[in-house]
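Worksheet: the structure to be examined is printed underneath.
The values are calculated or read from the model by the stated rules, or taken from the named source; none is laboratory data. Owing to the predicted nature of the structure, the values given are computational and were not obtained by experimental measurement. Here the Cβ positions follow ideal geometry from the backbone for every residue, glycine too, while neighbour counts run over all protein chains shown. Accessible surface areas use protein heavy atoms only, side chains included; no ligands, DNA or RNA. Shrake-Rupley method; radii C 1.70, N 1.55, O 1.52, S 1.80 Å.
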Amino acid sequence: MTAPEATTGMLIRRPAKVVFEAFVDPAVTTRFWFSKGSGRLEPGAVVRWDWEMYGVGTDVRVKAIEPGGRILIDWDLDDPTEVEWRFEPRGEDTWVTVTNRGFHGADPVAEALDSMGGFALVLAGAKIWLEHGIEPRFVLDRHPDGRVEGWRDR
């Protein structure tokens with residue numbers, strides 16, 4: 001059996017350079033995804049992303065950066081999966097695809113489905129922030145009781 005991959009995508013009506021920057025600069029990313037980031041995504045960097053409202057976080061290693069086009073990271077250095085963002089210009093807009101691969105836990109299909117749902121919310125949040133300047137509460141409101149099932153503090 002082939003290991004599952006989680007893939008989701010969304011059109012964001014902003015130029016690729018702007019959308020790409022939103023994912024590498026934690027000052028922007030914190031407006032729609034995690035609550036704290038230790039630094040910009042740069043080749044070879046290890047950065048920490050925290051969701052302080054839940055008391056969880058993860059360390060990620062940046063494997064590749066192609067400015068305006070691609071980000072590749074290892075998510076959770078203790079038990080990594082690979083996450084790849086691709087930014088495809090479509091006129092003045094950008095098609096963003098996120099693929100998460102390398103699931104190998106007890107139920108890799110369930111892990112992939114959970115990841116796909118999570119990254120779909122992230123892309124929706126980025127869209128709302130970048131297109132309209134509205135801070136979405138998707139990530140916060142996804143777990144309003146403050147517990148994230150199946151997440152271990154990384």
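Points to keep in mind about this one:
- Surface accessible to a 1.4 Å probe, Ile134 within the full protein complex, Å²: 90
- The helix-only estimate of mean residue ellipticity at 222 nm for the chain, built from DSSP H runs of length n ≥ 4 each weighted as -39500 (n - 2.57), is -8500 deg cm²/dmol after division by the residue total.
- Put a dot 7 Å past the Cα of Arg137, heading toward its Cβ, do the same for Arg61, and the two dots end up 3.8 nm apart.
- When you restrict to C-alpha pairs under 8 Å that are six or more residues apart and normalise by the size of the chain, the relative contact order lands at 30 percent.
- Classified by the C-alpha gyration tensor, the chain has a rounded form. Its axis ratio a/c, with a ≥ b ≥ c, is below 1.5.
- On full extension, the segment bounded by Ala27 and Arg13 gains 3.0 nm, given 0.36 nm per residue less the C-alpha separation.
- Over all other residues within a Cβ to Cβ distance under 13 Å of Thr97, the charged ones net out to +1, with Lys and Arg as +1 and Asp and Glu as -1.
- Once the 1.4 Å probe is applied to the protein heavy atoms, segment 1-93 comes out at 49 Å² accessible per residue.
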